[in-house]
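Read-outs: derived from the displayed coordinates by stated rules, not from any lab. This one's a predicted model, so the numbers in the text were calculated from it and none came from an experiment. Ideal geometry is used to build each Cβ from the backbone, glycine not excepted, and the neighbour counts take in all protein chains shown.
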Amino acid sequence: MSFEQLPDGLGIGVPAPRLSWVLPVGAPAQDAYEIETVRAGRVHRTGRLSGADQVLVPWPGEPLTSREQATVRVRVWAPKEEQPSSWSEPSSVEAGLLDAADWVAVPVGGAWAEDPDSDRRPSRVRKDFAVTTPVERARLYVTAHGLYEAEINGRRVGDDILAPGWTVYPQRLRYRTYDVTDHLGPGTNTIGAWLGDGWYRGRFGFDGGTRNIYGSDLSLVAQLEITHTDGSTTVVATDGTWSAARGPILTSGLYEGETFDARLDDPHWSTPERTDPEPWTAVSVGARDPHTLVAPQGPAVRCTQEIAPVTVTRTADGRHLLDFGQNLVGRLRVTVDGPPGTRITLRHAEVLQGGELATGPLREAHATDVLVLAGDGPRTWEPRFTLHGFRHAEITGWPGDLADGAVTARVHHTDMRRTGWFECSDELVNRLHENVVWSMRGNFVDIPTDCPQRDERLGWTGDIQVFTPTASYLYDCAGMLDSWLTDVGIEQLPDGTVPWYVPVIPGNDVWTPIRPGAAWGDVAALTPWVLYQRFGDLDLLRRHYPTGRAWVDLVERLAGPTRLWDSGFQLGDWLDPAAPPEDPAAGRTDRHLVATAHFARSARHLAWSARELGNDDDARRYAALADEVAAAFRDRYVLPSGRMTSDSPTAYCLAIAFDLLDAPAARTRAGDRLAALVLRDDARIATGFVGTPLICDALTETGHLDVAYRLLTQTECPSWLYTVVQGATTVWERWDSLRPDGTLNPGGMTSFNHYALGAVADWLHRTVGGIAPAAPGYRALTFRPRPGGGITWADTRHETPYGTAALSWKLTADGMTARITVPAGCLGTVDLPGRAPFTLGPGEHVVDSAEPRNAPGPVALAAMAHPRP
Ligand code: BGC
């Protein structure tokens, strides 16, 4: 049982959380269900409720109140069964602070925080308190201006990092709820927190960035609520009675890295037994509107893996160079001993040039951590408030040799549940897929970002717009992206303009003032729809619908009666390999062709969304608009010969994949021309951010599957596998981030960890692997593998909201054999090459392209919730 889109139910911010459950593989479809809730010892059962819904089922009963706990379980009935299943394991949910009036804590920080330019050294805050009555439970509700890590009695609270993450802080600042019952003991206790600059007041953004984006203070907002066994409560909340001191972190920045002087550290600082090298003084007390404090919608950022270096080399001047064999996002943990004052410097980079770290692609991110030793014995240390994108690290000042295990790379990202896997007989394609997974991990750090190594790491709207289909197969990212889309809505300008990246850094915009741009702004209309298809969350679609509509209305006004969006600044098919390194927008496809195609696409998606939401007027209005824009697109950009005004692959991809051509013959001609263009370039890629996610589908849909495979399996530059044969372990920003001569692309933005061009993985999942959604949440799904490219087998698996869907196929002398798992409660349409499609109900099946061996009768689609339009 799960609650909303959250990994667990503690501290939930939704008073009536929707419930989801998964039936075991092979279980018969559910015909009815009963939910039991236990609240304060009171048991409530809904009784048998008819229905097949298992995903995001409404909360049964009164909404939760602040702090209220409930345990919930479910049992289900199969059709025509009198006997229900046994009850599921109980799951618990506990509301956070749902009411602004619940907050008594106020922000507290070092009294010197108002002078940020003369002193960036972060403070710590703490308070002693007494526990005189036995404790039944204790919760810490906590957030900060800046980043925080809380401790109670010397023990870290939680294991997440970079909390509270990045939201549009003035409107939404996330707090987290921790169960700290076990942290407390009788007598005097101490609660304290480290603070760091983070996004709130650190330097962030390109061209030098901006400081104090949201404020100049570093402050903690914490409310520890203890419930005693006798029913009484104690509240320890940040207020003027707390004290502050500067800590051993001398500087800390997401780009800069961290400097830590262990000589200033008292490991007992957050215990009553401390010895305190720094004077602690009264805090300065700030203000925060508690209405802006919100509970998380998705998982926190955590360490998910540790990686040992694969090689350590010593340079002639005594530095150590470490290669972790994998480009990753995280930081180093070191265990080291040495004389007091020893200064150990850790630098990071994605690639080497001439055997040294290539720091050019970092631009103005220094990515340097420094540890100064206290000389008090071995110390294990890891920076707290920073992350770096790196495969290589250079260590200077290490005393003696590096012992095995002395340095570990710790991988960090939003701790989403992995839900998608893919493997096939082509090892290079497998590595490409692995690279996509790694680039998703590296760039899903509370918000979806563009690159982890340089001075950006921004929530670029276009990048996630093209990558969401892939992302939502690989990981359960619904909660994280839902939260981010809320910020897209907040940052949207009153006229409907969607910023290029979200959250916005005021004054640090590349194209000031913020202007509307196709493919980027279209995230507002396209991405909620994709998430709805993948996760089946109609509320999510409803909540973000106004943002998408305001966007489409804006573009409609900009286009005017011609329905052509043919004016203004556009990024077009960004990073088309034909564009010069210094001007990635100057690709071969007319930027306004790209813009009008997206206008039609977003209007169409809005119409679909409106229909799902029961808004028939909007559905009609935007469907008509989409038709008109498509007609205008054809008139303007498709020549009588069938060629397009931009005779470029991306132009044909847009026309085909966005369904902008009315006549089947026109579609065939466009597909033929696209295939011819691809072959003319010997299947080297000729598309950027816009065309790349579409091209394999456009070829497949127009009968040129073989050409799609030629593109996929090309290894010459530019191509996906070129990067793989060059040793890439993540997806690159540019097709030639590393050029064939081994030099770095000289363009100002050259990342080796950028997911956008990895959006091809969605085609791998749907067409090579063969699993695609056919109704929201995969309630209906298709199994339609289309082999090619010399690939002889493929396995793919996806944890849908209804449970596991899997497809393993292998070529045989007679065609293909496929092993298929249809999740319980779902309907699969199986479409194997050379055989008429047929349907399969839930369970595991082995079928082949000649004759099905085990195909139960079709399941009625009428039982499906929200069939796809
Ligand atoms: C980012 C992109 C982004 C682009 C738009 C780049 O610097 O890394 O991925 O979409 O700018 O201009």
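Side notes on the structure shown:
- Full-stretch length increase - D583, R211 - with 0.36 nm per residue and alpha-carbon distance subtracted: 131.1 nm
- Relative to the Cα centre, the charge distribution of the stretch 2-95, modelled as +1 at Lys and Arg Cβ and -1 at Asp and Glu Cβ, gives a dipole magnitude of about 160 debye.
- Cβ-Cβ distance of T380 and D266, R₀ of 22 Å, FRET efficiency by 1/(1 + (r/R0)^6): the value works out to about 0.85.
- Taking label points 7 Å from Cα along the Cα-to-Cβ direction, A676 and W87 give a separation of 7.0 nm.
- Each other residue within a Cβ distance under 9 Å of L346 adds +1 if Lys or Arg and -1 if Asp or Glu, for a net charge of 0.
- Positive-end residue, the stretch 492-594 charge dipole about Cα centroid, Cβ charges, pick of G572, L540, V594: L540
- Whole-number D in µm²/s for the stretch 43-108 (Stokes-Einstein; Kirkwood sum over Cα pairs; 37 °C, 0.692 mPa s): 221 µm²/s
- Label-point separation, V38 to R137 (7 Å along Cα→Cβ), nm: 1.2 nm
- Length available on full extension from R543 to D741: 0.36 nm per residue minus the Cα-Cα distance, which gives 66.3 nm.
- For the chain, size of Cβ-based charge dipole, Lys and Arg +1, Asp and Glu -1, in debye: 1160 debye
- MRE, 222 nm, helices only [DSSP H, n ≥ 4, -39500 (n - 2.57), over the chain, to nearest 500]: -6500 deg cm²/dmol
- Diffusion constant of the stretch 771-864 at 25 °C, which comes from Stokes-Einstein with the Kirkwood Cα-pair radius and 0.890 mPa s, µm²/s: 186 µm²/s
- Cα-projected label distance for Q305 with I490, points at 7 Å along beta-carbon direction, nm: 3.2 nm
- Selection from P787, P776, P842 lying farthest towards where the dipole of the stretch 771-864 points positive, charges on Cβ: P776
- For F689, net neighbour charge (Lys/Arg +1, Asp/Glu -1) across residues whose Cβ lies under 9 Å away: -3
- Exposure proxy order (Cβ contacts within 10 Å, fewest to most) of C424, C696: C424, C696
- For the chain, alpha-carbon Rg over 2.2 N^0.38 Å: 0.97
- When each of the peptides 564-576, 239-251 is scored by how many other beta carbons lie within 10 Å of its residues on average, the order from highest to lowest is 564-576, 239-251.
- This model, with +1 at the C-beta of Lys and Arg and -1 at the C-beta of Asp and Glu, gives the stretch 100-294 a dipole about its Cα centre of some 260 debye.
- Counting 0.36 nm for each residue step from D31 to T65 and taking away their Cα separation leaves a gain of 9.1 nm.
- For the stretch 281-307, the residues whose amide N sits under 18 Å from a probe point set 7 Å from the Cα of D8 along the beta carbon direction are 295-305.
- Think of the chain as a dipole: +1 on every Lys or Arg Cβ, -1 on every Asp or Glu Cβ, centred on the Cα centre; then among T414, G187, P79, P79 lies furthest on the positive end.
- Relative contact order of the stretch 2-95, taken over Cα pairs closer than 8 Å and 6 or more residues apart, is 35 percent.
- Taking the stretch 100-294 and dividing mean pair separation by its residue count, relative contact order in percent (alpha carbons under 8 Å, at least six apart): 34 percent
- Cα extents for the stretch 100-294 along the principal axes, largest to smallest and rounded to whole angstrom: 58, 40, 28.
- Whether the stretch 430-540 is rounded, prolate or oblate, judged on the alpha carbon gyration tensor where a/c under 1.5 counts as rounded: oblate
- Relative to the longest principal axis of the Cα atoms of the chain, the long axis of helix 427-443 makes an angle of roughly 50 degrees.
- The phi-based Karplus calculation (6.51 cos²θ - 1.76 cosθ + 1.60; θ = phi - 60°) puts the 3J(HN,Hα) values of the stretch 759-776 at 4, 4, 4, 4, 5, 4, 5, 7, 10, 7, x, x, 9, 9, x, 10, 8, x Hz, whole numbers, x for Gly and Pro.
- FRET efficiency, D337 to D182 (Cβ-Cβ, R0 41 Å, nearest 0.05): 0.85
- With Cα atoms as the point set, the radius of gyration and Dmax of the stretch 694-780 evaluate to 15.2, 49 Å.
- Centre-to-centre separation between the Cα atoms of the stretch 138-154 and those of the stretch 236-254: 11 Å.
- Each Cα pair under 8 Å and six or more residues apart adds its separation to the average, and for the stretch 210-265 the resulting relative contact order is 20 percent.
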